[in-house]
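First comes the structure, then the notes that go with it.
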Amino acid sequence: MTSSGRSHDSRASVIAVAHPNIALSKYWGKRRVAGNFPAVPSLSLTLEGLSTETSITLGVAEHDELVLNGAAVSGTALTRASAFLDRVRDVVGSRSRARIITANDFPTASGLASSASGFAALALAATRAYGLDWDVAKVSDLARRGSASAARSLFGGLVELTAGSLDGREEDILSAQPIEASLTRDLRVVVCVATEGAKAHGSTDAMRSTALRSPFYGAWLNEAPKIHESLKAAALAGDFLTVGALAEQSALAMHGCALSAGFAYFRDTTVRVIDAVRTLRLDGLQAFFTVDAGPHVKVFTRAKDVDAVEAIVGRVEGVIRTIRSGPGEGARIVAAASGASTGDS
Ligand code: PMV
């Protein structure tokens, strides 16, 4: 038995599901202290329909193993997952290695937030498998250490992640928190998939280089919290059009800053979809765009307009397919079994 939870079962097997999230006000950049604290606050919508399912089984492998979308993975991805599990093992004093089997039903590592759902599912499955009784806030803090946006995927609907404190320490807790807004249930997202491939630059390295090289990084650090606060206030007030205008401002400021450091995530298709969104607004539809660290445009709209919006953006040259989504649930355990050490199966 540990001070942090129940005794852990050396043959436990746990399956967790998490959904990606799309930020309306973006996080880009990290605090200088270790521990993966975001430099600016962000607010996102967790998406239904797109899922990562992750199973962790203890006591079946001598070394940590990672299977991603059906293929065994080694190198950086395995090292990152293993280091993440070490955080949990250090808390419970366990040496049990894990077999991690994880799969996404949407493109992996291409700016569709697979690291958010991936680390959210991994954090939840790992804490349960190693016997920790942590509440969701503590699991969110753990997930953030893998990928800051993952902290948000522990929760459903609209979710805020504040910035880490300037003079913080690595061990400080920083969890995301859900925002109750009546607007949430009316929100719809049409993801315009521009490629099924992986993105060229990982976001962690791109953020580090942006902080070093962009002449606009200081302006971003100043402006992003203001955009975020106004956007959050508009969401709480149910003001969809202001939320939309500010979300576009946040995305463009983030990409302007990243571009000035050499990171160009926009492709021809990205620009064409953005133009199409602007045109359909002129035609009276309520829609706005956002873009993350990849070429796909995510179009936010309302339930009443989603059919028309999807039909138009789906025909834009270069859009391979669209994925329609809306507010999704937070991460959850879908199966848990204990193993031989307790006599269960
Ligand atoms: O959590 P990361 O390291 O994958 O970075 C996510 C960064 C953006 O998706 C571009 C913005 C955000 O707030 O999700």
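The values are calculated or read from the model by the stated rules, or taken from the named source; none is laboratory data. None of these values were measured; they are calculated from a predicted model. As a convention, Cβ positions derive from the backbone with ideal geometry for all residues, glycine included, and neighbour counts pool all protein chains shown.
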Legend entry - region 49-76, residues that are at pLDDT 95 or above, in contact with a strand residue (DSSP E or B) (Cβ under 8 Å, 6 or more places away or on another chain) and over 19 Å from Ser115 (Cβ atoms): Thr57, Leu58, Glu65, Ala72
Legend entry - Residue check, Arg213 surrounded by fewer than 19 Cβ atoms within 10 Å (Cβ to Cβ) and touching a Gly at 6+ places or on another chain (Cβ under 8 Å): yes
Inset, instruction - Please work out which one of (1) of a type outside the set (Phe, Trp, Tyr); (2) part of a helix (DSSP H, G or I); (3) farther than 15 Å from Ala23 by Cα; (4) away from the ligand (no atom under 16 Å from the Cβ) is the condition Glu196 fails and give its number. - result: (2)
Legend entry - Qualifying helices (runs of 4 or more DSSP H) (wholly inside region 201-287; at least 2 residues being over 30 Å from Ala77 (Cβ atoms) and in contact (Cβ under 8 Å) with a residue 24 or more places away in the chain): 217-236, 240-260, 268-282
Inset, instruction - Just name the residue that is farthest from the chain's Cα centre (by Cα) out of those in region 40-57 that are buried (at least 24 other Cβ atoms within 10 Å of the Cβ) and away from the ligand (no atom under 16 Å from the Cβ). - result: Ile56
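Results for (1) surrounded by 24 or more Cβ atoms within 10 Å (Cβ to Cβ); (2) assigned to a helix (DSSP H, G or I); (3) in contact with a helix residue (DSSP H, G or I) (Cβ under 8 Å, 6 or more places away or on another chain), shown as yes or no for each residue.
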position	(1), (2), (3)
Phe106	no, no, yes
Gly118	yes, yes, yes
Leu124	yes, yes, yes
Thr127	yes, yes, yes
Ser140	yes, yes, yes
Ala143	yes, yes, yes
Ser149	yes, yes, yes
Ala163	no, no, yes
Asp167	no, no, no
Inset, instruction - For region 274-291, state whether one or more residues are of a type outside the set (D, E, K, R), surrounded by fewer than 21 Cβ atoms within 10 Å (Cβ to Cβ) and closer than 23 Å to Gly202 by Cβ. - result: no
Inset, instruction - Could you please tell me which pairs satisfy a Cβ distance under 9 Å, a separation of 6+ or placement on different chains, a first residue in region 25-37 that is without any contact (Cβ under 8 Å) to a residue 60 or more places away in the chain, and a second residue that is within 12 Å of the ligand (Cβ to nearest atom)? - result: Arg32/Ala39
Inset, instruction - Would you tally the residues in region 327-340 being assigned to a loop (DSSP other than H, G, I, E, B) and surrounded by fewer than 18 Cβ atoms within 10 Å (Cβ to Cβ)? - result: 2
Legend entry - Residue count for region 25-72, restricted to those that are hydrophobic (A, V, I, L, M, F, W, C) and over 23 Å from Ser165 (Cβ atoms): 12
Legend entry - Check on Arg315, among the basic types (Lys, Arg), closer than 28 Å to Glu223 by Cα and surrounded by fewer than 19 Cβ atoms within 10 Å (Cβ to Cβ): no
Inset, instruction - Would you mind finding the one in Val60, Val67, Val88 that is assigned to a loop (DSSP other than H, G, I, E, B) and more than 16 Å from the ligand (Cβ to nearest atom)? - result: Val60
